[in-house]
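Input: a single structure, listed below in C-alpha cells.
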Amino acid sequence: MTITVSWNGGTAGVSYTFKITVNKPGGVGSAWTTISRLANSTGGQSVAFTYPNPASAWTLVSGTVNTDFEGTYGVTVDKTAPNPVAAGVATTTFTVKHDISVAITSPSPNVNFYRGSTVTITASLTDASGLKITSGSALASTPKSTLGLTQTSSPGAYSAQYQIQLGDTLGNWNLTVSATMPGGNYGSSTIYVTILPAQLIVSSLATFNAQGNPTADFSPGDSLYATFRIAYSSSGFLQQGSFDLQVRDPSGTSVANLLAIYDPNRDLFYDPSGFQISSSDPAGAWELIVPTNSLNDSYGNVGPSSSVTYRFQIHQPQSTSSVISPVYFALAALAIGGGLGATVVARQFNKVKTPFDDLFKLTGGAIQAPSAVMISGDSGSGTTTMALQLLHKDLVAGKYCGLLSYDAFPAEIKRRMRDMGWDITPYLENGHLAILDIYSALAGVEGTTIREPTDFTEISIQTTHMIEKAKGPITLLLDSVTPMFNSATTKDCINFLQVIAAKVKNSGGIFIFTATKGSIPEEARLKIESLADGVIELSLVKRAKSLTRFLMVKKISGRQISSMETEFEIVTGKGIVLVKQRLPLGFLAKK
C-alpha cells in the first residue's frame, strides 16, 4: 500500500517531521514510522512511502507489520516538529480484501458432456487490482474428487483435463474452481454442466459357420454363429455382460434370440449356442437385429441409439426343373442353332442385375474390422464409386466415417454421391462423416487446412484428430493414392499408408484406399498389396463399341473368397450393381 502525505502553509526551508501510524483491523496490530522533509519555497511538501515494506522502516507496536488481516486499516498522521506538535493532523483508511477473481473460460456453462469424454478445464485468475496472478494455485471440483490445475504459458491461466468416468453421476455437475495465492487470498467460481450417459455402439457384427469361417450364406444343416464388439461413444469397449440378438426371417418375424456373452480372449461378444438352419426355414434374406437401447452396462450407459441390422442369406435346394423355365431351354437351343446373332441375344437375356451387397458373397462376408482394403483398377473402372458406396453403407449402418480426398473438392464429392442416391449432408452435419480436403492443396487453393499435399506429417495429425473425434471405430477412405505417388517418393508414400492403416486398425476401424493401375511402380504396388488385408481389382474391357466393367476379389485375410471375375455396372441413383448369369451356361460365358 502506497501512502502519500502532503502539507502546505508552513515556513519555507524549515524541516517538518511527521509520525505515521497504521492500525490494523480490530486492534490486532499497530506500527509507526516517521518522515522528515524541508518545506519548499511555498512552505509545503509531499512524501510517498509504502506499507508494510520495507519492514525495517516501521517500528512495531503490536501484532505484525503486514496486510495479513482482512478489513479496514486506519492511518493517523501526527506532526512532531517543528513546535508546536500536533496530533491527528490527518487521517485516512484503506481496505484489505482476500478476493481473487476466478473466471472459468472452459468449458462453457450449461453444455452437455457424455461419460467417457475428456473435458478441458481452464480458469483465469486476477487479483483485486485486476492483475494476472502468476504465483497462485487452483483446484477444480470433479464428480468424485478435486483436480489440480497447472499454470499455462498464458499469464494468469490455469488448466487441466478431466476424463468423465463411465460411472460418474449423471445430471448436473457443479464445476467449481477454487484459487489461492500467498498471503491467504482466495476466490472461487462455479458453473453448471450436464453429464449424459455414454452411447453403446455395436461394431464388427459378423456371422460364421461351425468351422469358424466368416460367411453370410447358409444352407440347411449349417449353424450360424455371431460375433460383435460394443464400443463406447467416447472411447474404449465394453468388456462384460450378456445381450440378446434377434433373428428375423424374410417376413420380418422374430424367430429366435441368440444370447451373446463376452470372450476376453478374443475381446468380443459371441453366441456359443448358435442358430441351426433347417430345411423348413424360408429361403431369402434374413436379419440379425440389435434392437434400439437393448444394450446396457452396469453404469446405465445404453445403446445402440438406433437398431443395428446385419443381413445374411439362407438358401434352400431346389430341383432343376423348378428353377429352369422352358424359355431358357428354348434360348439355349436358339443359341446353339441360331449362330452368332442368336448367341448374342441369348447372352444378353441371360444376364440379371443383383444388388451391391452380393459383392460380399465374393468376399466371404461383409468386410470386418480391423482391416485395410485396397481397391485398384483401370482409369474409369469405378474404384472411387465402389469405395464411396462402401463408405455410404457404413454411414447408413451408424458407423463413423472419414474421407481423405486427393481427387476432388468436398463439394464435388457430395455431388457425385448425391447423383448415386447417397445424400451425405445429414452425416456431415451430425458429425458422422468428416472430409479432409487435400485436393485443394493439389489445385493450389490457398487458406486450406492442408497446405502441401505431401505434408504427410500434418495429414497424419489431422487423421488422428478425425479418429479421436469419432465416437467409435471409424471407416476411413483415402481416395486416391495416385496423386501421392506422383508427388512424393515411393518410400514416403508406403510409410504414410502404413501409418494411416495402423492408426485406423488400432482404433478398431476399416481403412479403404483406392489406386489407379499403372500409376504406382510395380514393386510398390506389390508391397502395398502384401500389407493390405484385402485387395479388390477392377478392370475396364473394350468389346466392339462398348466398355464392360469387371471386378475380382484377389484376397481377403481369413476369408474363403470367390476369385471369379464378375461383371458389374454403375447405375445413376443406385451406384454399383453386379451382373450375373441366370443360367451357368459355359457357351454364354465371355470370351
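Ordered from longest to shortest, the equivalent ellipsoid semi-axes for the stretch 458-591 are 32, 18, 15 Å, each the square root of 5 times a Cα gyration tensor eigenvalue. Projecting the Cα atoms of Thr118, Leu200, Ser145 onto the charge dipole of the stretch 112-253, computed from C-beta unit charges around the Cα centre, puts Ser145 farthest toward the positive end.
Only alpha carbons enter this Debye calculation for the stretch 433-532, each as an equal point scatterer, and the log10 of I(q)/I(0) it gives at q = 0.21, 0.25 Å⁻¹ is -1.17, -1.50. Using R0 = 45 Å, the C-beta based FRET efficiency linking Ser379 and Ala103 works out to 0.15. Among the protein heavy atoms of the stretch 424-492, carbon and sulfur supply 46% of the accessible surface, probe 1.4 Å, non-protein parts ignored. Site pair Val571 and Asp263 shows an inter-label distance of 3.8 nm when each label is modelled 7 Å from Cα along Cα→Cβ.
Residues whose amide H falls under 5 Å from that of Thr142, counting only those 5 or more places apart or on a different chain, are Leu147, with hydrogens built in the peptide plane. Calculated FRET efficiency, Asp249 to Glu446, Cβ-Cβ distance, R0 = 41 Å: about 0.10 to the nearest 0.05. With r as the distance between the Cβ atoms of Val499 and Thr354 and R0 = 41 Å, compute the FRET efficiency 1/(1 + (r/R0)^6) and round to 0.05. Calculated transfer efficiency: 0.65. The structure-derived value of mean projected area of the Cα convex hull in nm² appears in the list [x] 28.4; [y] 29.8; [z] 41.3 under the label [z].
What separates the Cα centres of the stretch 450-495 and the stretch 137-177 is a distance of 34 Å.
Residue separation of Asn112 and Thr72 scaled by 0.36 nm, minus their Cα-Cα distance, works out to 10.0 nm of gained length.
Taking a sphere under 13 Å around the Cβ of Thr482 and counting the other residues whose Cβ falls inside, with K and R at +1 and D and E at -1, yields a net charge of -1. Remark: relative contact order (the stretch 22-133) = 20 percent; criterion is Cα-Cα distance under 8 angstrom and separation of 6 or more residues. Charged neighbours of Ala31, selected by a Cβ distance under 15 Å, balance to 0 (K, R count +1; D, E count -1). Note on Arg543 and Thr50: their simple-model spin labels are 9.5 nm apart, each label 7 Å out from Cα toward Cβ. Take every Cα pair under 8 Å whose residues are at least 6 apart in sequence, average their separation, divide by the length of the stretch 3-53, and the relative contact order is 50 percent.
In the stretch 395-445, the inverse of the mean reciprocal separation of distinct Cα atoms equals 11.5 Å; this is its Kirkwood hydrodynamic radius. Averaging Cα coordinates gives a centre for the stretch 408-438 and one for the stretch 37-89; these two points are 76 Å apart.
Just from its helices, what would the mean residue ellipticity at 222 nm be for the chain, if runs of 4 or more DSSP H residues each count -39500 (n - 2.57) and the sum is divided by every residue, rounded to the nearest 500 deg cm²/dmol?
-5500 deg cm²/dmol
Net charge of the neighbourhood of Ser519, taken over other residues with C-beta under 15 Å away and scored Lys/Arg +1, Asp/Glu -1, is -4.
For the stretch 245-309, the relative contact order is 30 percent, taking Cα pairs closer than 8 Å that sit 6 or more residues apart in sequence and dividing their mean separation by the residue count. Dividing the radius of gyration of the alpha carbons in the stretch 146-274 by their Kirkwood radius gives 1.26 for Rg/Rh. Spin-label model, Ser279/Glu529: points 7 Å from Cα along the beta carbon direction are separated by 4.5 nm.
The values are calculated or read from the model by the stated rules, or taken from the named source; none is laboratory data. Nothing here was measured: the structure is a model prediction, and the numbers come from that model. Cβ sites come from the backbone with ideal geometry, for glycine too, and all protein chains shown count toward neighbours. Surface areas here come from the heavy atoms of the whole protein model, side chains and all, with no ligands, DNA or RNA. Shrake-Rupley method; radii C 1.70, N 1.55, O 1.52, S 1.80 Å.
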